[in-house]
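In what follows, a structure is listed as structure tokens, so that the remarks can point back to it.
All of the numbers you see were taken from the coordinates with simple rules; none came from a lab. Given the structure is predicted, the values throughout are model-derived calculations rather than measurements. Cβ: placed from backbone, ideal geometry, glycine included. Neighbour counts: every protein chain shown.
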Amino acid sequence: MSRMAKYAQIIWPQPTDDDVLARNHAVETLTTSLSKLTTREAVEAAAAIAASFGGAELGTNLSQEAEKAISDRSAAFVLNGNEQQAVICLAVAARVLVQEATIDGNGWSPADALAASLWSALTFQDQHEHPKMEELRKDLIEACRARVRHVAHTARQRQEVPDVGTLTIPENDAAGSRANSAYRKATAPVIKALKENQDLDREELDFLWWVLGEYSGLLAGSLSDRKPYCRAIASGLEGATLLRRLPGDGFRHAVLRRVDVTERVSLKALVEALGAEREELGKSLEGQWAVQLPAVFPLVATLASSEIASTCALELDARDWGARALLEASIIAMERRTAGAA
């Protein structure tokens, strides 16, 4: 299957089979490289890839990776003056990874971090002026959205608790440790399944009590007393801290169930509408690592610093701003829980 056939015309008006095959190889190489990142590195890579759609530089590490991957089959390739090729190959590689990487564990692998971060970043951008680049951007958005939704569901499925395995005690083991070692080996799968299920049960209970309470620890008061924009964003930011997995549609609906549809406003107009409430919302975000990645966290970065972190002209209503707060804060929460695990 050709990864680049659909997008090769962005690079060449009439690409040859050899051109496409060479870039397919680069995409495969970059897909492997992206899969080996830690989750924190995946978030950073997503920020760089998304920003590059707007003309920003990729950064040294990704640029070098892309140049090496492309020049492996195209010896004459030089990155200087051909940066767009690197962006295209990286974007296609990211799409391949989020579509094909296995979903397992707690739903926070490098592919999951990349998908959530690219979804956040690319959906808060103006359209690309090049039709084919815009098509690539939209294809990547859809792939990332689909993975996040699938991961949010799959990672919450309860584990089947197996029967305790047979106790096998090798004859050559030290007498004092034989029984203990055998017991641990026989019960390990059972304990693992019970702990994972307990974690998901705890998430549901904590989240349900928070939803029913209608109280915001972030604002130190009732959510119902706040205006829609503040209520929506506070709900998104706080709700994310209670989740053990990426948020699915049901969690988003629960977070925003008391938020009315409002006038659509830009990020700049949102800050103006929040007024003094911006400081309340941003206080807990100050100094967060995410503030340094405004491409992925435009709302969080803006709330934390009061500086408008994006020039995107996109306008959203209160519910959509709340959904964005939930997504951005969930990425931060997942990264905090796993501490940048690979």
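The table below gives the values:
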{"item": "Alpha-carbon centroids, the range 1-47 and the range 75-128: separation in whole Å", "result": "9 Å"}
{"item": "HN-Hα J in Hz across the range 9-20 - Karplus 6.51, -1.76, 1.60, θ = phi - 60°, x for Gly and Pro", "result": "5, 5, 8, 10, x, 9, x, 8, 4, 5, 4, 5"}
{"item": "Ordering of 138-146, 196-204 by burial proxy (mean other Cβ atoms within 10 Å per residue, highest first)", "result": "138-146, 196-204"}
{"item": "Viscosity 1.002 mPa s, 20 °C: Kirkwood-radius Stokes-Einstein D of the chain over Cα pairs, µm²/s", "result": "98 µm²/s"}
{"item": "Förster radius 30 Å - calculated FRET efficiency between Ala313 and Asp18, Cβ distance, rounded to 0.05", "result": "0.15"}
{"item": "Length-normalised contact order for the range 214-338 - Cα pairs under 8 Å, 6+ apart - percent", "result": "38 percent"}
{"item": "From phi via Karplus (6.51, -1.76, 1.60), per-residue ³J(HN,Hα) for the range 134-140 in Hz, x at Gly/Pro", "result": "5, 5, 4, 4, 5, 5, 5"}
{"item": "Residue-averaged [θ]222 nm for the chain, counting only DSSP H segments that reach four residues, each worth -39500 (n - 2.57)", "result": "-19500 deg cm²/dmol"}
{"item": "Under-5 Å amide H pairs with Gly221, H placed in peptide plane, nonlocal only", "result": "Ser216"}
{"item": "Relative contact order (percent, whole number), the chain, Cα cutoff 8 Å, 6+ residue spacing", "result": "20 percent"}
{"item": "Amide proton proximity set for Val265, modelled H, under 5 Å, gap of 5+", "result": "Leu316, Asp317"}
{"item": "Listed residue (Leu270, Ser310, Ser235) projecting farthest to the positive dipole end of the range 214-338, Cβ model", "result": "Ser235"}
{"item": "Student exercise, the chain dipole from Lys, Arg, Asp, Glu Cβ charges, in Debye to nearest 20", "result": "660 debye"}
{"item": "Residue of Cys230, Cys312, Cys89 that the Gaussian network model of the chain assigns the largest fluctuation, springs spanning Cα pairs under 10 Å", "result": "Cys312"}
{"item": "Those GluC sites (Glu not before Pro) in the range 240-293 that DSSP places in a loop and that have at most 12 other beta carbons within 10 Å", "result": "Glu263, Glu286"}
{"item": "Phi to ³J(HN,Hα) by Karplus 6.51 cos²θ - 1.76 cosθ + 1.60 over the range 277-293, Hz, x for Gly, Pro", "result": "5, 4, 5, 4, 5, x, 4, 6, 9, 4, x, 5, 4, 5, 4, 7, 10"}
{"item": "Burial ranking of peptide ranges 31-43, 54-66 (average Cβ count within 10 Å, highest at the top)", "result": "31-43, 54-66"}
{"item": "Furthest towards positive pole of dipole, Ala301, Leu223, Phe251, structure part the range 214-338, Cβ charges", "result": "Phe251"}
